[in-house]
Structure formats: structure tokens, C-alpha cells
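Undergrad: Here it is: the structure, laid out below.
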Amino acid sequence: MNNIEYLKAQRSEPWREELRKSMKNKERADIPRVKMPELDPDFRSHNYEEVNLGLSLEQALTEAKRCLDCPDPQCITGCPVEINIPKFIKNIERNNVLEAAKTLKETSALPAVCGRVCPQEKQCESRCIYLKMKKEAVAIGYLERFASDFERESGSISVPELAESNGMKIAVVGSGPAGLSFAGDMVKLGYDVTVYEALHEIGGVLKYGIPEFRLPNDIVDVEIDILQKMGVKFITNCIVGKTISYDDLHEEGYKGIFIASGAGLPNFMNIPGENLSGVLSSNEYLTRVNLMAANKEESDTPVFFGKKVAVIGGGNTAMDSVRTARRLGAEKAMIVYRRSEEEMPARVEEVKHAKEEGVIFLNLHNPIKYIGDEKGRVRQMVLQKMELGEPDASGRRKPIEIPGAIETLDVDMVVVAIGVSPNPLIPSAFEGLNVSKWGTIIVNQNTLQTDLPDVFAGGDIVRGGATVILAMGDGRKAAAAMHEQLSVNSHQ
Ligand code: FAD
Ligand code: SF4
């Protein structure tokens, strides 16, 4: 049965038909979209508690009724891991939330994570039929989070079924969303999967980048725990390319390798004063706070608690950094972004939350210089004011300098969050692996296979800085392709 036939068969199950008949589409469409309950901005901007509180059962049951269980559900095509969205939502509607959670796990290794950080408005929700009806999309992401949280809180966490072991060993480099998603699919197919992680914690950016107030580490750990129960092995503090080599992996008997080492190399602007004390990358700032507890007083290597903090950039990383600075006591926490809010790559929700928490937005401003004091500590930033011109290669309107429009502001800390590049270690350690001029690994777009036949790659190491769900989609795609290759080889 192909995927379309499978979805049709699922949709024609008697309980789904009954549910569709139980309410007219017009009545369903008249229900307003649910609002996510949130912590009060004044309270939350001084602590690390999760901002979004999740839906109540009553709210979820009502929101689930809005879904029309479309015959050709486009929402699924908007989801890179192809969650059977109508099936999980209709399971919530009939109040079988544990079954909804099971449906999510059929294709996603990290539903509680995605329900929190996935840009659903650009993915599945952007394809919901309601948008064509000029109504708000079904809150698919909120419902995904609800079903996963409900299962976790119920204590009866299901573990997906596994195929019989085929004895073949597979190595994964990196434990971010790409690596975890790949590992989940391969272990389900019967492979013996080991994930190598350079850091002491498993989860990649989910742990060291995205802060607790958006994605608590405990939530990530529960999903990692399920993978461990499925048989995935994790080896931490092991840098592939340094601690062990490509040849070592072959000697260990691995038949396939998936590289999911992410893009963790911070970019800087190379402007005067960027090497002053107090100017740091968002990677360093967030990793030290999220992973090394450098915000705690007892820390041996505490971060500086800036009072006038400028964060340069307009993406999720910039929002996370500025909201972290606010929580660490910044009285003036500023976003400095060279385009306008419309062009910001950050999720709309993050921008809204940052504003509510008192973050100041200096849009159409670009830093050109930092000025330090006699001790080499940053004290001021010089900003060039910008205006928008014609769209550039990215499709966004190009920022252009307004001649003579210069402003100088006092700062005591600057966090640079203008993007990341792939770490060059793996490409240099795997002889024969080809990389683009940006340092990303070159792959066959259909299979994600690299120029080395047993090596596949996906996530940020291939895309540059992208999103959790695109990385996870790559993990699934590479698992399917590697499985096909190994199955063919084993029958020859
Ligand atoms: P990563 O998550 O970077 O994981 C790579 C892992 O590989 C790391 O753990 C690294 O230590 C390990 N590694 C690297 N080299 C080696 C080696 N040689 N040997 C062993 N291990 C190695 N996306 C969203 O969708 N929504 C968001 O809200 C969002 N917010 C973000 C906030 C921040 C602060 C950041 C930095 C990113 C955010 N993103 C968000 C982007 C998203 O997190 C990434 O696109 C995604 O994590 C990429 O997944 P990955 O598995 O490719 O890499
Ligand atoms: Fe439900 Fe919207 Fe998907 Fe249709 S497109 S199945 S209404 S979520």
C-alpha cells in the first residue's frame, strides 16, 4: 500500500466516518482558533519558567473539532516528517489522546519538541484548508504538544514497535534533531544504531541553544529516553574526526554512517571593536547559560550579567539571546536588526513574546563599530541607520545605508547572532567528502548520500542554519535511502 492509499484507508475507518458525520463542517469552521495560555510577561521575564503553558483537555477537544478531516489533507505535505495530522487530531476529538500520541510517534521521534519549537505557521499550518477560507489554520502545533504532554503526564508512554534485528551496525555523528530522527527510523527498521556526540549532553541545539523558557531540557530528555528504550546507544564526549576517525568507524564494523554534525561555527561581522571584552557570539552565550549553568551564582565561570545588552540579528537565536539577557537582569535589552520586522527570520511568536517582555527593537539599524574603555571592555556601539531597497537574492528587501544617519548608544554587552557556518572538522576528517563554498556537505538531494557511498548527511551540516523539523525530515529521508541501499547490498 502506498502512502496515499494508506491515508485513504485510515480515513475510511468507521470511527473517523462517524466523527465526520457528528458535526457539520460549517459548525466546525465557526469555532474560533484556540489561544495558547501563557505566563504573564512581567513575571516570566525574570525567570526561566516555560512561557507557553499548553492547552487544557477541554481546549484541545474543542480545537480538534475544527479539523475537517479533509479527503486530501495538504497539512501532511507541509510536514517534513509527514505526521498523519488528521488521524492524530481526530483521535484527540474522540478523546483517545494516547492513541493520538502513538500516531505522532509513527513518523516523529520528537513530537513534544516539535509541538513547541517547530515553525508550524510556515509548515503544516500554512497548508491548512482554513487559510483558503480566510480563517485561521487549525492549531496543529498546539495539539501536537498537547498529545505528547498528555501521554508523558499520564505515565503510560508508548514505545514504537521495532522490526526484528538485522544485526547491521549504523553510526550517527551528532545527536541533534537530524541525528535523533535518523536514529529513531533506523532502529525501528531493525538496525543496531550508535550515536556519537561531541558534547556531554545529548540533543544538539535543542539542549545547548534553545533556552528552558521555550523548550525545557526535561522534555527533550523524555524523547531521548524513548529512543534509548528502543535500543539506540549514545556515546557522549566523543568527537568524530578527533577522538575516533572514519577508519575507526569502519573497523568497528559500521555499515553506514549518517553525519548530522550541525552548523555550530558562529559568524561575526568583522567590524572594529568586535574583539573587545563583552562582545560574544550567541552560541557562546547560550551554550554557557543553557548547558554550563554559567548564569548561576555558584558557577566557576559565570557569564557577565549585562545591564545594557545589544543583540545583533533577527532570527530565533537573536530572540533567545535577548530574552535570556532580559532574564539575567538586563534593564535595556535591545535587538539590532538591519532590515524591518517583516523580514525577520524569527518566528512571529518569539518576536511577540520578546516585545511583551520589554525588549527594545532597533530595526533598520546596523552596527558599524564598537567602542571600548581603557580596560578593553565594550562601552558603546555605533549604528548606521538603514532603509529598504529592492529585493535581493534571498527575496527579502535589501537594507541600504542612509548617508550620514549614524547613532551612538551605550552598551555593556553585545551578543552577535547573525548566523552560523558548518564546523569544518568532519569534512576535513572524512577524506573524499565534498563540500560547497559555504562549507556545507554536498549530497544527492534525493537520497542525502554524499560522495562517499556509505556516508549520508543531513540537517544543518547540509543546509546551513535551518530548522528542527527540516533537520528531522532529512534524518527520515536519509534513513529510508540508506535502508534501501543496505537492503539491496545484503541481497546481492
Ligand atoms: P544540531 O542541533 O546542531 O546538532 C548537531 C550535534 O552534532 C551537536 O550536538 C554537536 O555537538 C554534534 N557534533 C558536531 N560535530 C561533531 C563531531 N565531530 N562528533 C560528534 N558530534 C558532533 N529551529 C526551529 O525549528 N525552531 C526554533 O525555535 C529554533 N530556535 C533556535 C534557537 C537557537 C538558539 C538556535 C542556535 C537554533 C534554533 N533553531 C530553531 C534551529 C535548529 O535548532 C537547528 O536547525 C537544528 O538543531 C539543526 O539540527 P542538526 O541535527 O542538524 O544539528
Ligand atoms: Fe484538518 Fe486543516 Fe489538515 Fe484539513 S488541512 S485535515 S482542516 S488540519
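Undergrad: From the residues in the stretch 465-492 that are closer than 17 Å to residue 179 by Cβ and outside any helix (DSSP H, G or I), which one is farthest from the chain's Cα centre (by Cα)?
TA: Here the residue is 465.
Undergrad: Hey, can you tell me all the residues within the stretch 118-159 that are of a type in the set (Ser, Thr, Tyr), more than 19 Å from residue 351 (Cβ to Cβ) and in a helix (DSSP H, G or I)?
TA: 130, 148, 154, listed by residue number.
Undergrad: Next up: Taking the stretch 437-460 on its own, how many of its residues are touching a helix residue (DSSP H, G or I) at 6+ places or on another chain (Cβ under 7 Å) and either within 17 Å of residue 481 (Cβ to Cβ) or hydroxyl-bearing (Ser, Thr, Tyr) (or both)?
TA: So the count comes out to 9.
Undergrad: Hand me the list of helices (runs of 4 or more DSSP H) wholly inside the stretch 274-376 holding 1 or more residues that are hydroxyl-bearing (Ser, Thr, Tyr).
TA: Correct list: 282-290, 316-327.
Undergrad: Could you give me the residue pairs with C-beta distances under 6 Å whose first residue belongs to the stretch 300-321 and is modelled with pLDDT of 95 or more, whose second residue is within 16 Å of ligand 2 (Cβ to nearest atom) and of a type in the set (A, V, I, L, M) wherever it lies, and which are 6+ apart or on separate chains?
TA: The qualifying pairs do not exist here.
Undergrad: Suppose we filter 195, 187 for residues that are modelled with pLDDT of 95 or more and assigned to a strand (DSSP E or B); which single one remains?
TA: Result: 195 is the single residue among 195, 187 that is modelled with pLDDT of 95 or more and assigned to a strand (DSSP E or B).
Undergrad: Kindly evaluate residue 420 against the criterion of being surrounded by 17 or more Cβ atoms within 10 Å (Cβ to Cβ), in contact with a Phe, Trp or Tyr (Cβ under 7 Å, 6 or more places away or on another chain) and of a type outside the set (Ser, Thr, Tyr).
TA: Considered against the rule, which asks whether it is surrounded by 17 or more Cβ atoms within 10 Å (Cβ to Cβ), in contact with a Phe, Trp or Tyr (Cβ under 7 Å, 6 or more places away or on another chain) and of a type outside the set (Ser, Thr, Tyr), residue 420 comes out as no.
Undergrad: If I filter the stretch 167-184 down to residues being closer than 26 Å to residue 83 by Cβ and in a loop (DSSP other than H, G, I, E, B), which single residue comes out as nearest to the chain's Cα centre (by Cα)?
TA: Of everything passing the filter in the stretch 167-184, 176 is nearest to the chain's Cα centre (by Cα).
Quick grid of which residues meet (1) part of a loop (DSSP other than H, G, I, E, B); (2) under 26 Å from residue 210 (Cα atoms):
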| site | (1), (2) |
| --- | --- |
| 32 | yes, no |
| 35 | yes, yes |
| 42 | no, yes |
| 58 | no, no |
| 65 | no, no |
| 71 | yes, no |
| 83 | yes, yes |
| 88 | no, no |
| 99 | no, no |
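Undergrad: Those residues that are out of contact with any Phe, Trp or Tyr (no Cβ under 9 Å at 6 or more places or on another chain) and among the β-branched types (Val, Ile, Thr), I need them from the stretch 91-110; list them, please.
TA: 107
Undergrad: Taking the residues in the stretch 282-318 that are of a type in the set (Ser, Thr, Tyr) and surrounded by 22 or more Cβ atoms within 10 Å (Cβ to Cβ) as candidates, determine which candidate is nearest to residue 367 (Cα to Cα).
TA: 282
Undergrad: Then there is this: Can you tell me which of (1) farther than 30 Å from residue 328 by Cβ; (2) more than 8 Å from ligand 1 (Cβ to nearest atom); (3) touching a residue at least 40 places away in the same chain (Cβ under 8 Å); (4) not hydrophobic (A, V, I, L, M, F, W, C) is the one residue 237 doesn't meet?
TA: Unmet condition: (1).
Undergrad: Across the stretch 228-252, what is the total count of residues that are buried (at least 17 other Cβ atoms within 10 Å of the Cβ), touching a Phe, Trp or Tyr at 6+ places or on another chain (Cβ under 6 Å) and in a strand (DSSP E or B)?
TA: Looking only at that region, the number is 1.
Undergrad: While we're looking at this one, here's another question. Identify the single condition in (1) within 28 Å of residue 167 (Cβ to Cβ); (2) of a type in the set (Ser, Thr, Tyr); (3) at pLDDT 95 or above that residue 490 does not satisfy, given that it satisfies every other one.
TA: If we test residue 490 against (1) within 28 Å of residue 167 (Cβ to Cβ); (2) of a type in the set (Ser, Thr, Tyr); (3) at pLDDT 95 or above, just (3) comes out false.
Undergrad: Just need a number here: residues in the stretch 387-398 that are more than 13 Å from residue 365 (Cβ to Cβ) and either surrounded by 13 or more Cβ atoms within 10 Å (Cβ to Cβ) or modelled with pLDDT of 95 or more (or both).
TA: Qualifying residue count, the stretch 387-398: 3.
Undergrad: Consider the stretch 98-152. How many of its residues are within 16 Å of ligand 1 (Cβ to nearest atom) and either more than 21 Å from the chain's Cα centre (by Cα) or among the aromatic types (Phe, Trp, Tyr) (or both)?
TA: Total satisfying the criteria: 1.
Undergrad: With the structure loaded, tell me whether residue 401 is surrounded by fewer than 21 Cβ atoms within 10 Å (Cβ to Cβ), assigned to a loop (DSSP other than H, G, I, E, B) and without any contact (Cβ under 8 Å) to a residue 60 or more places away in the chain or whether it fails that test.
TA: no
Undergrad: Sticking with this one: Name the residues in the stretch 253-273 that are farther than 30 Å from residue 448 by Cα and either of a type in the set (A, V, I, L, M) or crowded, with 17+ Cβ neighbours inside 10 Å (or both), would you?
TA: Scanning the stretch 253-273 gives 269, 271, 273.
Undergrad: Inside the stretch 65-106, can you point out the residues that are surrounded by fewer than 20 Cβ atoms within 10 Å (Cβ to Cβ) and more than 15 Å from ligand 2 (Cβ to nearest atom)?
TA: Correct list: 95, 96, 98, 99, 102, 106.
The values are calculated or read from the model by the stated rules, or taken from the named source; none is laboratory data. These numbers were taken from a predicted model, which means no experiment stands behind them. For neighbour counting, all protein chains shown are included, and Cβ atoms are generated from backbone atoms with ideal geometry for every residue, glycine included.
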